[in-house]
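Asker: Can you read through this structure? Questions will come right after.
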Amino acid sequence: MTRMTLLPTTPEFQRMMLYKIARTLAGLTVRDLSVEAGVSTNTLTRLESGEELKPATVRKIRAALEAHGVEFVPHPTWAEWVQPRAKDG
């Protein structure tokens, strides 16, 4: 039996995982996030499938996620990662 290992080395894979995880951390459905970001559900699904979108569109999506407490942070092996924003106090 041959084992296959999936490595997160492609920008498409990283983009796909980053935004799916960020949306999950925010507790939003695809529909909820698309409404809050002002983009179509199709656009959000394309991003979560690894497709590269226009920077302005990605900024809208990121802003909506950040408004729900998601923080985008640098990561040593990925371009960046997401985590819940630290609570003040």
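Asker: Students often check this: by mean Cβ neighbours within 10 Å, which of 37-43, 61-67 ranks highest, and how do the rest follow?
Answerer: So the peptides 37-43, 61-67, ranked by packing, come out 61-67, 37-43.
Asker: Okay, moving on. Below 8 Å between Cα atoms, with a sequence gap of 6+, how large is the relative contact order for segment 11-84 in percent?
Answerer: In percent, rounded to a whole number, it is 37.
Asker: Any idea what Rg and Dmax come out to for segment 11-84 if you just take the C-alpha atoms, in Å?
Answerer: Rg then Dmax for segment 11-84, in Å: 11.1, 32.
Asker: What list do you get for Lys60, Lys20 if you sort them by fewest beta carbons within 10 Å?
Answerer: Listing Lys60, Lys20 from fewest to most nearby Cβ atoms yields Lys20, Lys60.
Each reported figure results from applying straightforward, stated rules to the coordinates on display, with no laboratory input. As the structure is a computational prediction, the values presented were derived from the model and not from experiment. A quick note on method: Cβ atoms are made from the backbone with ideal geometry, for glycine too, and the neighbour counts reach across all protein chains shown.
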